[in-house]
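Visitor: Before I ask anything, let me first share the structure, which is written out below as structure tokens.
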Amino acid sequence: MIKNSLLSFFICFLFCVVFPLGVVGAEYESSELLFEKALYESRSGNFVDALESWDRFLLSFPTDAAALSNRGNVRLVLGDPEGAILDQTTAIKIHPLETDPYLNRGLAEETLGQWKDAISDYQLVLSREPENSSALYNLGNIMGSVRGDWLQAKELFNKASIASEGDVMARSSKALASYQLHQFSQAEKELRGLIRKYPMFADARAALTALLWREGSLGEAESHWAATFGLDSRYREEEWLLNVRRWPSEPTNDLMAFLNLETV
């Protein structure tokens, strides 16, 4: 079953406003309104109603690729990755040159542990759009947390952070990859820079807490942890860190040791 917290980190839904062609008069107006309604419900997080609206729209326009892809995104949120893959695959068959359905299908494949399929979809996106930050980031997650190749993961996270300057999660993941690779000074510099610019960013504070504990700076570690816990208490959960947020093992182990009051 899909975890909503995973979606909060890794999903970038591409709800695009594309209306069906060949519809005229009152029928066009009603279909346009239904599409807009479904899109609004999707963007507002009202996913149960959005699914119903997309279903109604697709009864009349079953080959509308945008509607299929959007419904697939909603299905994924609602815990139906198989249905999501079906919708994205159908959208791809209708418009094979569109990259969004490949990206969205890759995310659904990840939730089912279909890693090879997800990698294939992300690589296809990158073959067409080498600077697609979402594909770079998602592929980096698989390379690191699934394949254990944190060097390649770091390179992908770095490319994602360059492609999207405001992507703080890509920068934090790059720092965590450096941490895993024992490039501690690089990791600390990146994390401190993130915290300075985004003081409410829990991920960087939690990672710096672990790194400071490793370095023996317990007082400062305690300070950053107090801020982290106030922002997001999930960082105390080892399973969540490894399997949902997808931290590397070393920073995860260090943070757990800090929380268990172990000494370096």
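The values are calculated or read from the model by the stated rules, or taken from the named source; none is laboratory data. In this text the structure is predicted, and so the values were computed from the model without any measurement. Here the Cβ positions follow ideal geometry from the backbone for every residue, glycine too, while neighbour counts run over all protein chains shown.
Visitor: What pairs can you find where one residue is in segment 115-136 and touching a residue at least 60 places away in the same chain (Cβ under 8 Å) and closer than 13 Å to residue 101 by Cα, the other is of a type in the set (Ser, Thr, Tyr) and part of a helix (DSSP H, G or I), and their Cβ atoms are less than 9 Å apart, with a gap of 6+ or different chains?
Guide: 134/122
Visitor: Residue 34 - would you say it is in contact with a helix residue (DSSP H, G or I) (Cβ under 7 Å, 6 or more places away or on another chain), part of a helix (DSSP H, G or I), within 29 Å of residue 116 (Cβ to Cβ) and of a type outside the set (S, T, N, Q)?
Guide: So residue 34 fails the test.
Visitor: Taking segment 7-31 on its own, how many of its residues are part of a helix (DSSP H, G or I) and either of a type outside the set (Gly, Ala, Ser) or modelled with pLDDT of 95 or more (or both)?
Guide: Qualifying residue count for the region: 6.
Visitor: Taking the options 253, 243, name whichever one is within 26 Å of residue 118 (Cβ to Cβ) and either under 19 Å from the mean Cα position of the chain (by Cα) or not acidic (Asp, Glu) (or both).
Guide: Values: 253 fails: within 26 Å of residue 118 (Cβ to Cβ).
Being within 26 Å of residue 118 (Cβ to Cβ) and either under 19 Å from the mean Cα position of the chain (by Cα) or not acidic (Asp, Glu) (or both) holds for just one of 253, 243, which is 243.
Visitor: Which pairs do you get when a residue that is farther than 12 Å from residue 249 by Cα, found in segment 138-150, comes within reach of a residue that is outside any helix (DSSP H, G or I), reach meaning Cβ atoms under 7 angstrom, with the pair 6+ apart or on two chains?
Guide: Pairs that qualify, where the first residue is farther than 12 Å from residue 249 by Cα and the partner is outside any helix (DSSP H, G or I), are 141/246; 143/149.
Visitor: Quick one: in segment 165-181, which of the residues that are touching a residue at least 60 places away in the same chain (Cβ under 8 Å) and not polar (S, T, N, Q) is farthest from residue 246 (Cα to Cα)?
Guide: Once the filter is applied, the top-ranked residue is 179.
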